[in-house]
Amino acid sequence: MIRNKCERIFTFIFVILLLIFIIFLCFRKKTVTIQNTTEALDTVITVKLSSDSLSENELNEVSLKLFEEINRLSLIFSATDENSELFKLNNSKHGTPYPVSDELFDLFEISLKYAYLTDGAFDITLGKLINIWDITGDEKQVPSDDAILPLKKLENYKDISLDFKLKTVTYNDDFDVNLGAIAKGYIGDKVKALAKSLGVSFGTINMGGNILAIGEKEGGKNWNIAITNPKEPSSYFATVSVKDKCVVTSGNYERYFIKDGKRYHHILDPFTGYPSENGIVSVTIIGDNSATCDALSTGCYVLGLEKSLELINKIDGYDCILINENGDYFTSGGISKYNLDIK
Ligand code: AMP
Ligand code: MG
């Protein structure tokens, strides 16, 4: 009798729990994930987006909006597209204040901050030097010393003035600006913010050497981000584990040509006029803001080991991994929080 009663109670509780479980499954928010790829900014861009509130179609539409935003912004910052705002500014009358869009002004402001902070190792005024090297151009050749001489040690970033009220930029000397070392980072920040505002809950934006993690992985896990092995760019050197951070790398394997057995890569030392040669072949910066990471990765590449570690250790919230030509690596003081795993 008592046993029967107990059995009935247990069956009742079991049925109730089963019902609760079925209701939970039916009403549980489903996470939808999509992945899309485009080509822009001279690289392949892949977004992997997840949302707790959007459908697959809606997420695909979001990724299209992100790609449109990338194209819109790259048309402002391109140094080569004749229709870009930067191209027009470079070709305007130097010495005269030139009114620019909020975004271009913003990027000039950030760029100048990091030019001063790196003592000109990161310098957006290398346009003419970058053009004569034309690392990815059709006729790859080393420019003559005579061509390089007038374009080195100029520190023209000191000859840019910004009017914060009128939003104008003035070039106070004869130089061209190239934003190739920071534009991708800046665009990454804008696109990440847009993705969040459009309902993306978490994901990654992979823009070549610039990777942005949106939030944390499902279940509160970290994202494992791979750092390319500079000696064998198809393999990894290490991984770092991050949440909602950017991981940006500058490396000598990204763009280069080989002439007479020597590699000429795309990161130029403004003081020698030649590709930077100080033993460092890869710099990864981790932090919240990808424009900052991008400027610092290029700047530190040129600054070299000691000065870079000194600089990054002073900047709150930013860490670095530098790799030299022997495959040795060096890190800033705060790197342990990213679980650096060397392969
Ligand atoms: P990144 O891959 O971010 O290090 O940027 C490298 C690109 O920035 C090059 O392809 C050039 O267009 C430009 N660049 C090269 N050297 C410098 C430098 N020292 N400072 C700023 N921009 C540079
Ligand atoms: Mg950079």
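The values are calculated or read from the model by the stated rules, or taken from the named source; none is laboratory data. Keep in mind that this is a model prediction, so the values were computed, not measured. Cβ placement follows ideal geometry from the backbone for every residue including glycine, while neighbour counts extend to all protein chains displayed.
Some values worked out for this structure:
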read-out	value
Residues being more than 16 Å from ligand 2 (Cβ to nearest atom) and at pLDDT below 95 - total across the stretch 121-141	6
Conditions (1) over 25 Å from Arg72 (Cα atoms); (2) surrounded by fewer than 18 Cβ atoms within 10 Å (Cβ to Cβ); (3) not hydrophobic (A, V, I, L, M, F, W, C): number failed by Glu109	(1)
Test: residue in the stretch 170-181 that is farther than 23 Å from Val302 by Cβ and without any contact (Cβ under 8 Å) to a residue 12 or more places away in the chain	no
Residue count for the stretch 311-343, restricted to those that are within 19 Å of the chain's Cα centre (by Cα) and free of Cβ contacts under 8 Å to residues at least 12 places away in the same chain	1
Verdict on Val191 being of a type outside the set (D, E, K, R) and in a strand (DSSP E or B)	no
One residue from Thr239, Thr228 being assigned to a strand (DSSP E or B), in contact (Cβ under 8 Å) with a residue 24 or more places away in the chain and more than 16 Å from ligand 2 (Cβ to nearest atom)	Thr239
Options Val281, Val248; residue that is under 21 Å from the mean Cα position of the chain (by Cα), surrounded by 22 or more Cβ atoms within 10 Å (Cβ to Cβ) and more than 13 Å from ligand 2 (Cβ to nearest atom)	Val281
Output for the stretch 284-310, where each listed residue is closer than 22 Å to Lys337 by Cβ, more than 16 Å from the chain's Cα centre (by Cα) and within 14 Å of ligand 2 (Cβ to nearest atom)	Ser308
Residue in the stretch 152-188 that is farthest from ligand 1 (Cβ to nearest atom), counting only those that are among the aromatic types (Phe, Trp, Tyr) and outside any loop (DSSP other than H, G, I, E, B)	Tyr171
Any hit, the stretch 71-89, residues being surrounded by 10 or more Cβ atoms within 10 Å (Cβ to Cβ), over 23 Å from the mean Cα position of the chain (by Cα), under 29 Å from Gly188 (Cβ atoms) and at pLDDT 95 or above	yes
Residue count for the stretch 232-261, restricted to those that are within 16 Å of ligand 1 (Cβ to nearest atom), farther than 21 Å from Gly299 by Cβ and of a type in the set (Phe, Trp, Tyr)	1
Test: residue in the stretch 45-67 that is within 25 Å of Thr125 (Cα to Cα) and either modelled with pLDDT of 95 or more or part of a loop (DSSP other than H, G, I, E, B) (or both)	no
Condition broken by Phe108, with the remaining ones in (1) more than 16 Å from ligand 1 (Cβ to nearest atom); (2) under 20 Å from the mean Cα position of the chain (by Cα); (3) assigned to a helix (DSSP H, G or I) satisfied	(1)
Filter pass, Gly219 being more than 30 Å from Ser144 (Cα to Cα), at pLDDT below 95 and within 15 Å of ligand 1 (Cβ to nearest atom)	no
Candidates Val47, Val62, filtered to the one that is over 23 Å from Gly209 (Cβ atoms), among the aliphatic types (A, V, I, L, M) and either touching a Ser or Thr at 6+ places or on another chain (Cβ under 6 Å) or touching a residue at least 24 places away in the same chain (Cβ under 8 Å) (or both)	Val62
Filtered residues of the stretch 285-327 (kept if surrounded by fewer than 24 Cβ atoms within 10 Å (Cβ to Cβ), of a type in the set (S, T, N, Q) and more than 18 Å from Gly188 (Cβ to Cβ))	Asn313, Asn324, Asn326
Leading residue by the ranking (surrounded by the fewest Cβ atoms within 10 Å (Cβ to Cβ)) among those in the stretch 20-44 that are modelled with pLDDT under 75 and not aromatic (Phe, Trp, Tyr)	Cys26
